[in-house]
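All of the numbers you see were taken from the coordinates with simple rules; none came from a lab. What you are looking at is a predicted structure, and each value in this text was computed from that prediction instead of being measured. Here the Cβ is made from the backbone with ideal geometry for all residues, glycine too, and neighbour counts use every protein chain on show.
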Amino acid sequence: MSDALLALSGVSRAFGGLKAVQNVSLSVREGSLSALIGPNGAGKTTLFALMSGFLKPDSGTVRFAGEDITGHEPHRNALRGMTRTFQIVKPFAAQTVRENIAVGVHLHERRRGVALARAEAVAAQVGLAPQLDKPASDLTVAGRKRLELARALATRPRLLLLDEVLAGLNPQEIAEMMPVVRGIADSGVTVLMIEHVMQAVMHLAEHVWVLAQGQLIAQGSPSVVTSDDRVVEAYLGHGTAARLRKAAAGANA
Amino acid sequence: MQNRRRFVSQSAAMASAIAFPLVAGAQPKTIKVGVLHPVTGALAYSGQQCRLGAQMAIEDINKAGGIKSLGGAQLEAVLGDAQSQPQAGAAEVEKMNEAGVSAIVGAFASAICLATTQAAAKYNLPHVVDVGVADQIVERGLKNTFRFGAGYKKSTEVAMANLLVLNKAAGNPAKTVMIIHEESLFGAGTAALLARELPGYGFEVKEVVKHANPTRDFNNIVLRMKSINPDIVIPANYYNEYALLVRTMQQQKVQPKAIFSVLGGAASSYKFVKEFPDAANGIIDCNHWFNPKDKRAQDLRKRVEAKGQFFSYEVFMTYTAMTVLADAIERAKSTDRAAIIDALEKSTFADHIMPYGPTKFVNGQNQGAQPLMTQVVKNDIKVIIPRDYREVEPLFPLKA
Amino acid sequence: MSATTSSGGRQLAGIALFAVAVACVPLVTSSGVALNFVMMALYATLIAQAWNILGGFGGQFSFGHALFFGTGAYIQAIAQLQGGINPWVALPLAVAGAAAVGLFVGALSFRYGLKGSYFALVTLAFAEVFRILAVSVSFTGGGVGLMVPLRESAANMQFASRGGYLWLVLAFVVAALLVTWWLRNGRFGAYLQAVRDNEDAARAVGVNPFRIKLAAIGLSAAFMGAAGAFYVQVFQYIDPSIAYGSVTSVEALVAAIVGGMGTLWGPVLGAVVLHVLADLTRNLFGELPGINMVIYGVVLVLIVIFLPRGIAGIGQSVRQLWSAQGKKGNHHE
Amino acid sequence: MFDFSILFPSLLNGLTTGAVYALIALGLTLIYGVLHIINFAHGACLMAALYAVYFLKERLGVDPYLALPLVMAGMFAFGYGLQRVVINRAGHGKDENILLATLGISIVLENLALLFFKSDTRSIDTAYSLSTVAIGPAMIAVPKLVAFAGALVVSGLLFWIMGRTDLGRAIRAVAKEKEGAKLMGIDVDHVYAMSFGIGLACLGAAACFLLPAYYVNPQVGGGFVLVAFTIVVLGGMGSFVGALVGGFLVGVVESIGGLVLGESLGQIGIFVIFIAVVLFRPQGMFGAKA
């Protein structure tokens, strides 16, 4: 466990009567690119919020780089090296792309001029260089997703939590975005992503956790996980796995 | 820069030469006088009444031949709006100064007067204060500032002395007092003085109630009045609150031996008497009041009423302040500001409708200024004290 | 990057030019009207710019900025009257006191996550609480108010001419402009605007919104405190409704919004335009009380309808149009 | 410190004063609480309604209570037009613009009143202005009792409109999810204007109940605005029950606060409660948790 960058143990969180996350334990290896998947409403985003400090767990602990950060505010976690993005993009709409990214750069750079300059390199990394001095509000959905990514990346994180950066993009845009994520991981940043686009998960992730109804139900390599009955049933309903197998057997015969 | 400055000052001189072609030669045909009041904002009613008084005075002075020592020069009002704010009042003074006024009459409210008198002082511009009851206005050593009427200290002292006289004459039926005042300068200042001094006159001050402007409901205060049951109720507040208070007392059937107001907003108001005759009946007030024996005052009242306005204290106070100024200009024989100030300092003006006698300013305060005691009798306001101006015998106490 | 730095430089040059130009006004005219007008416009600029720091850059709309104005004013008056302190020494106390009240209100409001109209109304309520307290306690003189004795001398911060006051308030305005410039060209300002535009996104990239907003309200309140101290020095009188009444709060936010929120020159434009408008209508229609304010109100509504981004927005639109056309032109080449 | 025998009358007085506050707040809770428009012109609109009641009585001899439907209808039309023609166009979807627009409207209304009606304080005299009813040891003015009943009726009516009519459902839909409501084919602009109109109609009712025991001048509205906002937040944004109970509560707090702390300082109670509610229970007494 010594190489775990992020480690959750027994983390739970409920809203009123709804148990959004129940007793989740997992550890993210430093330098890995892994994914968190699960059907809608499984509690993935809540789990991200618990990791990054936007929510406090009712019980359990969150450790980052060996330190207990349970309940720490997000900005403190960002300073430690963990940054998240949002599924529903949250650009600083009144500001330019450059200024948006510079906010992230500022985490480790006080000087405004330097931050604005460095934003350029980050923008290039996610393919936003041409839009650098446009207002963020003028960007397309894909552009905003890139911006979300760039801003987080600008904080020079050790761990990047990406919440559905591919959602809402068309196939071509997805194809363009995937190498960007790959590149980030290759540059040494540990990446944990929530993703619905299975094609991306299969291609990118080396390890996958599956969350359903607030509980971890499976983990392993993408191929192992996708052939797990519980995972199939979680997505498609009880009894589906058996039916699918039967149908497959029938077709073969 | 030097050249530019000279250019600017030269063009300014040229501009004024065009504007006042007669400056060098003959005497001006008109004399500009600043008429500065809060005609908008919270004090709009009083401010507009003041403006009316000033305009009527100017009309009368001009009709009577203007300033004779200046060849019958006519007074011309330069109107200003203080917007019920001191800073707006001060800005208007600057404007009036540049419009070339010889003096300013205004500015009703004490807080505004503080700002306007001082702004005028910079230009040695004579400023006659029409109402402004705060005594600080004339206690700052400003040479340009003159107040013709009485301040709240004087008014309160007169009120207390007369209360004592009334009470003695009636066989000392009243022993306890309740003071109800608004929370700003005028009400709070008056109430503090009353609460400090009344015990010395043998009255027990049962309670002093301070209320906000506006106060939306007076039932609570009247309830307390009921439980304390004071012999005398002394209100010191503005018209709206005064009217609500007295109406609520009437509603709750609270009848003290006397309602005795000091500078009360309503008891010396014809408006109140007309609109609430029952509530007003019997109320005694110590306030600025005109000389009831002076026929001109009654004529003025009729003229004001013919305009559909009430003859409120604001009207005749500002009216008189303007006549005091006109008299000074007459004697100064000049529109020069210093000369007018000098004439005001030496004023002995006695030909006015106020019961003040000959004018005598000491440090800017007219020494003869005094409030009168009035009482609402049969839907009219009558003077009861002092004896010289008495119209009817006082009715005190109202109930045994 | 070079573009931004040079625009920052241009802005600084603009502030310097503004300062020098306005500072020359008392040298070229001795007209009391002109000086008083410029002085009061600067005063309005000061409170608008103060509001702009929190409202325009921080997105926290205060309806109760009189709270800080009044506190500065009372401290300035009380320090002189009861402490016998020289007004130049009292000034930093007034500024610090106002900032402290700002920090207190900010700490309470932001700790409990107040935003939008809740924050607006809470500041309004605090101003009202302070007004009632000022009426009720004795060291403020209660409803009677406080009067600073008239002793004209520069050492006593009471100037014989409006020019002296003009320079004083100009110094405050320039300080406020420099702070605004810094907000547009420094990390703190970037963080503040990030928090305004999206608090969660800002938190995710390491911004502590509580601290940022707290600092902003402290700064904003400090400038309001300076304005309050200035008011006392000019008018030598303060009472609870002047200090904590809604007039000042409204004046501050209207000028800032009309001019253009979150901009450097917007509040200056707003304050000047509104002052000119108010003066013009009063001079034209002063004899019919009310009509001047009716026109003022109508113009205000028209500005909101036709200039939703404030007066400074006109400049932006023109620039954008111009650069868009410029680009089109380039394409043709 | 004070006489306990006046506690009960004071309590009753607070309740009846609170009834008028509640009426004013009911209109505001619809505009502010549901549509999230901070209506700075609420006080000025109340003033306009009071003048309407005044002139109906003085010029046409219409009793304020009989004038109720007329004034409510007039205020409704005024509100509908104001929202449609001015506020909607000025808004541009920005809070600060709506704020300025309503501020501008209030300046215009107040000064139009000053221009046409002068700054005089005016009040009306009715046969019942000074009559009282004894409730135990307390004497309650008849106009205040009528206002109390009126507040209950008006809030009941609002409750019915919001809960049982298509308009009410549309208003709630718009308040909850504006874009969604648009997609469902609801004319959002119309719903906004209707809500604004209904809000001002409540003010019309408040004016009819208020004037017999109060007065009108161009500035009269200012004294009620802050109190009304306090009540809306206290009761919970958009909650009619909240506005009603909040109104009574503020009336009582003001009354008892005045008794204990003095009339001037007693006002502080309202604002301290307001601040405490906003900080610690922002959903108000009857609001659902956000």
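Some points to look at:
- Stretchable slack from C:Arg319 to C:Leu150, in nm (0.36 nm times residue separation minus alpha-carbon distance): 55.9 nm
- Computed from label points 7 Å out along Cα-Cβ, the spacing between D:Arg281 and A:Asn23 is 3.7 nm.
- Antiparallel %, DSSP beta bridges [both residues in chain B], to 5: 25 percent
- Relative intensity, log₁₀ I(q)/I(0), of the protein assembly as shown from a Debye sum that treats every alpha carbon as a point, q = 0.04, 0.05, 0.07, 0.09 Å⁻¹: -0.28, -0.43, -0.78, -1.18
- Only helices reaching 27 angstrom along their own axis (Cα) with mean Kyte-Doolittle hydropathy no lower than -0.5 count here, and for the DSSP H runs of chain C these are C:2-28, C:32-52, C:87-111, C:116-136, C:162-185, C:209-235, C:266-285.
- Charge dipole of chain D about the Cα centre (unit charges at C-beta), most positive-ward option of D:Val250, D:Ile198, D:Gly185: D:Gly185
- Lys, Arg +1 and Asp, Glu -1 on Cβ, resulting dipole of chain B about Cα centre, debye, nearest 20: 180 debye
- Residue with peak Gaussian network fluctuation, chain D [Cα springs, cutoff 10 Å], from D:Thr17, D:Thr132, D:Thr230: D:Thr132
- Residue order for D:Cys45, D:Cys202, C:Cys24, fewest other beta carbons within 10 angstrom first, comes to C:Cys24, D:Cys45, D:Cys202.
- Projected over all directions and averaged, the alpha-carbon convex hull of segment C:2-262 occupies 14.3 nm².
- Modelled label reach - B:Ser69, point 7 Å along Cα→Cβ, segment B:329-370 residues with backbone N closer than 13 Å: B:329-349
- For segment D:88-228: rounded, prolate or oblate by the Cα gyration tensor [a/c cutoff 1.5]: oblate
- Relative contact order of chain B, taken over Cα pairs closer than 8 Å and 6 or more residues apart, is 17 percent.
- Against chain D, whose longest principal axis is taken from its Cα atoms, helix D:95-117 shows a tilt of about 50°.
- Exposed trypsin sites (Lys or Arg not before Pro) absent - longest run of chain A, DSSP non-H/G/I/E/B, at most 15 other C-beta within 10 Å: A:112-253
- Sequence-distant residues sharing a close amide H with B:Leu79 (under 5 Å, placed H): B:Val35
- Folded to 0 to 90 degrees: helix B:295-306 orientation relative to chain B principal axis, Cα: 90 degrees
- Estimated FRET transfer efficiency when R0 is 35 angstrom, pair B:Gln255-D:Val241 (beta carbons, to 0.05): 0.25
- Inter-label distance, A:Asp3 to A:Glu206: 0.7 nm, where each label sits 7 Å from its Cα along the C-beta direction.
- Among the trypsin sites (Lys or Arg not before Pro) found in segment B:91-199, those both in a DSSP coil and sparsely packed, with 15 or fewer other Cβ atoms within 10 Å of their Cβ, are B:Lys143, B:Lys175.
- Förster-model FRET efficiency, 25 Å R0, B:Asn172 and B:Val392, C-beta, rounded to 0.05: 0.65
- Principal-axis tilt of helix D:42-60 within chain D, Cα atoms, nearest 10 degrees: 60 degrees
- Taking every alpha-carbon pair under 8 Å whose residues sit at least 6 apart, segment C:2-262 reaches a relative contact order of 41 percent.
- Of D:Arg89, D:Arg59, D:Arg172, the residue with the greatest mean-square motion in the GNM of chain D, using alpha carbon springs below 10 Å, is D:Arg59.
- Report summary: the helix-based calculation at 222 nm, which adds -39500 (n - 2.57) for every DSSP H run with n ≥ 4 and divides by the residues of the protein assembly as shown, gives -18500 deg cm²/dmol.
- The H on the amide N of B:Ala103, modeled in the peptide plane, is under 5 Å from the matching H of B:Gly34, each at least 5 residues off or on a different chain.
- Kirkwood Rh and Cα Rg combined as Rg/Rh, segment A:4-252: 1.00
- Looking at the protein assembly as shown, the DSSP beta bridges with both ends there are about 45 percent antiparallel.
- Segment A:65-128 versus segment B:303-369: alpha-carbon centroid distance in Å: 74 Å
- Spread over its residues, the convex hull of the C-alpha atoms of chain B is 138 Å³ per residue.
- Dipole of chain B computed with +1 at Lys/Arg Cβ and -1 at Asp/Glu Cβ about the Cα centre; of B:Tyr239, B:Ala88, B:Val254, farthest Cα towards the positive end is B:Ala88.
- 25 °C / 0.890 mPa s Stokes-Einstein diffusion coefficient of segment B:253-400, Kirkwood radius on C-alpha pairs, µm²/s: 147 µm²/s
- Positive minus negative residues near A:Thr70 (Lys, Arg vs Asp, Glu; Cβ under 15 Å): +1
- Chain D - charge dipole about Cα centre, Lys and Arg +1 at Cβ, Asp and Glu -1, debye rounded to 20: 540 debye
- Pairwise FRET efficiency - A:Ala65 versus A:Arg243, Cβ, R0 = 30 Å, nearest 0.05: 0.10
- Overall form of segment C:132-255 per C-alpha gyration tensor (a/c, 1.5; a/b vs b/c): oblate
- Two-site label geometry, B:Lys295 and C:Ala107: point separation in nm, points 7 Å out along Cα→Cβ: 7.5 nm
- Between A:Ser52, A:Ser32, A:Ser187, the residue with the greatest mean-square fluctuation in the GNM of chain A (Cα pairs under 10 Å linked by springs) is A:Ser187.
- For segment A:173-182, 3J(HN,Hα) per residue [Karplus equation, 6.51 cos²θ - 1.76 cosθ + 1.60, θ = phi - 60°, Hz, x = Gly/Pro]: 5, 4, 4, 6, 7, 4, x, 4, 5, 3
- Length-normalised contact order of chain D in % [C-alpha pairs under 8 Å, at least 6 apart]: 37 percent
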